[in-house]
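A quick write-up on the structure given underneath.
The values are calculated or read from the model by the stated rules, or taken from the named source; none is laboratory data. If you're wondering where the values come from, they're calculated on a predicted model, not measured in any experiment. Neighbour counts are summed over all protein chains in view; Cβ atoms, including those assigned to glycine, are modelled from backbone coordinates with ideal geometry.
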Amino acid sequence: MNESRRQIVWLVVFMAAVSLGISPARAAANQTEDLQAFGRLPVSAEGRVKPFDTVARTSLMILSGRQTFSAGQENRQPAVRWLLDVIARPKEANAYKVFRVDHSGVLALIGRTNEDGKRFSFDEIWPYQAVISEQARLASQVKPKQRNAFQRQLIRLFRNLKLYVKLSAMETPYAVPPLAEGQQWRPFSEVYQEARQGGDPHPAVEPIAMILKAYHDGKPHLFGDSVRRYSRIVAEQLPQETRRAGFEVLFNRFAPFYKATVLYAVGALMACVAFLLRCTQRDGAAAGWSRVLGNAAVWLLGVTFLLHTAGLASRVYLQGRPPVTNLYSSAIFVGWGCVLMALLMERVHRLGIGSVTAGVVGFTTLIVAHNLVGDGDTMEMMQAVLDSNFWLATHVVAVTAGYSATFLAGFLAIAYILLGVFTRLLKPDMSKAIGQMVYGTVCFAALLSFVGTVLGGIWADQSWGRFWGWDPKENGAVLVVMMNVLILHARWGGMIKLRGLMVLAVGGNIVTSWSWFGTNMLGVGLHSYGFMDSALFWLLLFVVSQLAIMGVGAMPIRSWRSFSETDPTRSGRVESGSP
Amino acid sequence: MNPARRMLQPLASLKLTVVLLALAMFLVFAGTLAQVHQGIWVVVRDYFRSFVVWIDLQHFVLGELARVPLSIPFPGGFTLGSLLLANLLAAHAIRFKLTRRRAGILTLHAGILLLLLGELTTALFAKEGNMSIDEGSYANFTENLRRVELAVIDPSNPDHDEVVVVPQPMLERADSVIEHEQLPFSVRVDRWMHNSSLSRRESGPAGGGFTVTAGFGTRLRADPAPPVTGVEEQTVDAPSAYLTLSRGGQTLGTWLVSLYIDQPQEVSVEGKVYHIGLRFEREYKPYTIHLIDFKHDKFIGTEKPRNFSSLIRLVDPERHEDREVLIYMNHPLRYRGETFYQSAFKPGDIGTVLQVVRNPGWLMPYGACKLVSLGMLIHFGSKLATFLRRARA
C-alpha cells in the first residue's frame, strides 16, 4: 500500500474518533457544570447505588421514552434538569410535556385525541387522576400477559403518575446516604420529616435542603457552592460509591453503544463496497481502492469493537457483575461475541466477508439491544436465586456465547446463499473459505452451547436439586445444542454438502432466536398485545425471512448464478472431505 | 463381515443419528409449546418420560387463530432416548477404533451416554418434596406438591393422632364409594376438582348444585379451574372435592374439602369427633428439622429478594445427630441421601419452605459435563490446530 492510501485509512479512523468526541461536547453545552456535579451525586434506587443522573434519565425514559426534554422553547434539555425541576420547581416541571400517551382509548379518558400530540404535562393529566385510578384498578384484575393494549397503557400511565409524585416528594430515589456507621440509604422525605419533628437531624438534611432551596430560588452561585460542599461530605464518607457514580455519569453521557451502532453501520457499508469492488475488479485502480477501503473498514470496525468492549467493561465495573445479567445485556454480549469472531476470521481469511459480517451483526444486535431497554435501569439488581457471580460468569456467558457463534454461522451462511444464488461473485476459493468458516463456527457453537446448557443444569441442581426440569428456557437452550450437533452429524455422515451446511446453519438462526426470545413469549395471547409493535411480530418476521432464505438456498445448485456456468458438481462439494 | 456386525450396521448409521436428533428436537419443541396449556409435570410425564405421546396439533396454532381438533402419535422421550443410546453404542461397536485420533470423540460420547443415563435415573428414581416449617416449630415430613390425600384424623388420644389417608387416585374416581375397615365412615366423592378456585358463597346452591351441609363449606363455594400451565406464576394445582360421608347406610352430610382450607373440619360419628381435610401427600422422616431463624433480606427500597436463609437444627435420634445448619441460596444441606434447598418462604416471613430432593443419579451430570467438554476440546482443538497449521503453510 502506498503512502497516500495509508493516509486515507488513518483519516477514516481519525474521523471515527472525532465523531466519538462530538456528542458529549454537545450535551455538555446544554448542561452547566453545577448541574453536572449534582447529577454525579450518588443515590440508591431499585437497590443499586447510582448517580442522580441515571435516575433522572431512566425516569424520564419511562415517562416519555426519551432521555431529554423540552422546557418551553429550549429543546434537548438534560434529564437531570428535569428531575431537579420536578423536585424544586414543581410549577415549571408540571407544565413540561413528558407523559407519553399513545392509545386513543387512554387519550379519550383525559379528554384528548391523537391530534393533540403524544406527550402531555402533569398539569394536563392530573385533573383526570380519579378516572385513571379507577380504570387502572379494573385493568389490574387481568393477568399481566392477558391485558390488551388499552389496559397496558392505562396501567403504565397510572404507574408513571405515581412515579412522578414519588419523585417530586423525594420518596424515591433514596437520596440520603449512610454517613455514619450502621446507617442505611433512606428517602429524603422521611429524613426531612424526622428533622422537622424535632428529632436529631441527619447530617445530610441541611446540605440537601440548601441545594434544593438555592435551585428553587434561582441562585446559581449558591446552588453551585452547596452542591460542591455536599459532594465533598459524601465523597469523604463514600469514596467508592462516589467514584462509581462519577464514572456512571461519564458512561451515560458518552453512550458508547449508541456510537458503536452508528460506527458499525458505517463500517459495514464500507466493507460491503470494498467487498463488491474486490469481487468485480480483479486488478487496476479499483482493486487498489478496494484494498484501501477494505483496510479502512477493518480498522474502523476494530476501533468500534474496542468501543463496544469498553462499554461492556464499564457495565461490568458499574454493576460488579459478569457481562450478561438480563435480556438487554445478552444482546450486547451476543453482538460483541459475533463481532470478535468475525474479525478474527477476517484476520485469517482476509476475504472481506468477515468485516461485512462484523459490521452487519454488530449493528443489528445493538439495535435489538436498544429495543430491549424496556422500563428503566438496564443494570437492575438480580433476584436472590440468580445472585451468583460464579454461575452468571460461567453458565450465562457460555450460553450467550453459544448464541453468538450459532448466529455468526447463520449470518455467514446467509451471505453465502445470497452471493451464490443472486450474484456471480462466489468464486470457488471463497466458497471453500466460507464453508470452512461456517463449519468451524458450528463446531465452536456446539461446544459453547453444550457447556453453557449443562452448566445451567448444574446451577439448577445446586439451587433446587433438579438438574433438568424441561422448562421452556432449558428446552430452548438444549434445542440450540441439538441443532448444532445435528448439523455436524449430518455433515460427517455425508448427508449434506456445502449447500446443505449453509441451509441448516440458517436454520440455526431460527432455533437460536426461539431460544433467546421465543421462550419468553409463551403464554402471551395474540389479542392481548398490540401485535404489530410487539417483539413477537419481529420474531415471526425474522423466522419467516430465515425460512425464505433457506428455501432459496435449497434450490438446486445449477440455478445458483455463481455456479451455473462452472461445473456444478465441483462447487457443491467440500474439497477437504469428511473432517 | 460377521452377522452380528451386519445386523448392527443400520443401527450404527449416522443417518439414524441425524433423524433421531431431528425427531428429538421436534419433541422438545412440542413439549415446550404444550406447557402453554398444561402443567409442566404433566408434560414431562407425557412427552419426555413416555414411549409414545399424542401431540395435540392445537398447540402449534398461534393464539386462537384456528381450531385443530387433531392429535398425532409421536415417539416419546424414552423411545428416542433409548434409540439414541443404541445408535451410539452400535456406532462404537463397529465403526470407531480405539485410536489417539478418536480419543476426543470417545470421551465426549462417553459423557453423552452418562448424561442420558443420568436423566433416565432421575426419571425413574428421583423424588421431590417440600418441607415447610414455621419459625420456632419443627417438621418431620415432606409434602409432595403434585398429589394430595384426604386425611381422616382421630384426635382422641392425647399422645398422638390416629390418621387414615385416602390417596388422590381413589378420590379422582367420580361417584365411587370409598370404604375401608380403618375408615370410620364411607366416603362418596360427589365432585372432584383437579384444580379449583374458592369463593364466598353469596346465596343459592354451592358449585355444581351440591348442597354442603356441614363444615366451612356451607359458607363457601368451589369451582373447577383449568390446570396450571408451565408458563404461569402459580405452579401447583389446588384440588377441592365435595364429599358425602355416611355410616351404615345413614348419611352424615356433605362436606367441601379443599387444599385451600387448612383448618381441620369436624365430623361427628356416633358421638366421636374426627377431623377431615385435604392436604398434600406426606412422607414421614425418621428425623426432625427445627427452624431456629428464617431471614429474608430485600434490596433497600424494593420488594426484590436479596437473600433467604434458614438456620435449622437437625435432630436424628437414630443416627445420634443434633446440630445446627444454615441453609441458603445455592448452599443446600445434604443428609441421608436427600438434599435440602432453600426454596421459598411463608407469607409474612413466618416460616421457611425447603425443597427436599432424593436423586441417586444427581452426580451423573457432573461427570457427564466434564467428559463431554473435555472430549469436545480435544476433538475440535486438534482439528483447529491442523487447520491453522495448513492456513499458515
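Considering only residues of the stretch A:305-321 that are small (G, A, S) and at negative phi, which is surrounded by the most Cβ atoms within 10 Å (Cβ to Cβ)?
Initial filter on the stretch A:305-321 (small (G, A, S)): A:310-311, A:313-314, A:320.
Cutting the leftovers down to at negative phi gives us A:310-311, A:313-314.
Details: A:A310: 14, A:G311: 21, A:A313: 12, A:S314: 16.
Here the residue is A:G311.
Where the second residue is part of a helix (DSSP H, G or I) and of a type in the set (S, T, N, Q) and the first is in the same structural domain as A:H103 (by TED's automatic domain parsing) and lies in the stretch A:132-160, which pairs have Cβ atoms under 7 Å and are six or more apart or on separate chains? Listed by first residue and then by second, the contacts come to A:A139/A:Q151; A:V142/A:Q151; A:L154/A:Q135; A:F158/A:S133.
Can you name the residue in the stretch A:133-154 that is closer than 15 Å to A:F99 by Cβ and surrounded by 20 or more Cβ atoms within 10 Å (Cβ to Cβ) and, of all such residues, is nearest to the chain's Cα centre (by Cα)? Per the stated criteria, the residue is A:Q153. One residue stands out in the stretch A:484-505 among those that are in a helix (DSSP H, G or I) and within 7 Å of chain B (Cβ to nearest Cβ): the one that is surrounded by the fewest Cβ atoms within 10 Å (Cβ to Cβ), namely A:W492. Here A:W459 meets each of (1) without any contact (Cβ under 8 Å) to a residue 12 or more places away in the chain; (2) on the phi < 0 side of the Ramachandran plot; (3) not aliphatic (A, V, I, L, M) with one exception, condition (1).
For (1) surrounded by 16 or more Cβ atoms within 10 Å (Cβ to Cβ); (2) more than 10 Å from chain A (Cβ to nearest Cβ), each residue gets a yes or a no:
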site	(1), (2)
B:E283	no, yes
B:F340	yes, no
B:D349	no, yes
B:L363	no, no
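Looking only at helices (runs of 4 or more DSSP H) that fall completely inside the stretch A:82-193, which ones have 1 or more residues that are within 30 Å of A:M210 (Cα to Cα) and hydrophobic (A, V, I, L, M, F, W, C)?
On the way: elements: A:90-93, A:104-109, A:122-125, A:129-139, A:149-168.
Passing ranges, in order: A:90-93, A:122-125, A:149-168.
When the test is whether a residue is within 12 Å of chain A (Cβ to nearest Cβ), surrounded by fewer than 16 Cβ atoms within 10 Å (Cβ to Cβ), of a type in the set (D, E, K, R) and under 26 Å from B:E143 (Cβ atoms), B:R319 does not pass it. Just so you know, in the stretch A:55-81 the residues that are in a helix (DSSP H, G or I) and among the basic types (K, R) include one that is nearest to A:E248 (Cα to Cα), and it is A:R57.
Cβ separations smaller than 9 Å between residues 6+ apart or across chains give the following pairs from the stretch A:306-324 residues that are not assigned by TED's automatic domain parsing to the domain that holds A:K50 to residues that are of a type in the set (S, T, N, Q) and assigned to a loop (DSSP other than H, G, I, E, B): A:R315/A:T325; A:R315/A:T378; A:Q319/A:T325.
Across the stretch B:365-376, what is the total count of residues that are touching a helix residue (DSSP H, G or I) at 6+ places or on another chain (Cβ under 6 Å), more than 9 Å from every other protein chain (Cβ to nearest Cβ) and either under 26 Å from B:K127 (Cα atoms) or without any contact (Cβ under 8 Å) to a residue 60 or more places away in the chain (or both)?
Restricting attention to the stretch B:365-376, the residues satisfying the condition of being touching a helix residue (DSSP H, G or I) at 6+ places or on another chain (Cβ under 6 Å) are B:365, B:367-369, B:371-376.
Next cut, more than 9 Å from every other protein chain (Cβ to nearest Cβ) only: B:367, B:371, B:374-375.
Filter again for either under 26 Å from B:K127 (Cα atoms) or without any contact (Cβ under 8 Å) to a residue 60 or more places away in the chain (or both), leaving B:367.
Result for the stretch B:365-376: 1.
Condition check ((1) free of Cβ contacts under 8 Å to residues at least 60 places away in the same chain; (2) more than 14 Å from chain A (Cβ to nearest Cβ)) across all residues:
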| residue | (1), (2) |
| --- | --- |
| B:L14 | no, no |
| B:Q35 | no, no |
| B:Q38 | no, no |
| B:W41 | no, no |
| B:D56 | yes, yes |
| B:H59 | yes, no |
| B:P75 | yes, yes |
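Flag: A:V324 matches the condition of being buried (at least 20 other Cβ atoms within 10 Å of the Cβ) and either away from every other protein chain (no Cβ under 14 Å) or at pLDDT 85 or above (or both).
Only residues that are farther than 19 Å from B:G39 by Cα, at the interface with chain B (Cβ under 7 Å from one of its Cβ atoms) and in contact with a helix residue (DSSP H, G or I) (Cβ under 6 Å, 6 or more places away or on another chain) were counted across the stretch A:464-482, and they come to 3. Please verify whether A:V55 is surrounded by 15 or more Cβ atoms within 10 Å (Cβ to Cβ) and at pLDDT 90 or above, treating the condition exactly as stated. Spelling it out, A:V55 is indeed surrounded by 15 or more Cβ atoms within 10 Å (Cβ to Cβ) and at pLDDT 90 or above. Residue count for the stretch B:118-153, restricted to those that are touching a helix residue (DSSP H, G or I) at 6+ places or on another chain (Cβ under 8 Å) and within 27 Å of B:L243 (Cβ to Cβ): 5.
Pairs are defined by a Cβ separation below 6 Å, a sequence spacing of at least 6 or placement on different chains, a first member in the stretch A:162-177 that is within 11 Å of B:G301 (Cβ to Cβ) and touching a residue at least 40 places away in the same chain (Cβ under 8 Å), and a second member that is among the charged types (D, E, K, R) and surrounded by fewer than 22 Cβ atoms within 10 Å (Cβ to Cβ); the pairs so defined are A:T172/A:K166; A:Y174/A:R186. If you check A:A255, A:A268, A:A235 for being within 25 Å of the chain's Cα centre (by Cα) and over 26 Å from A:R76 (Cα atoms), only one passes: A:A268.
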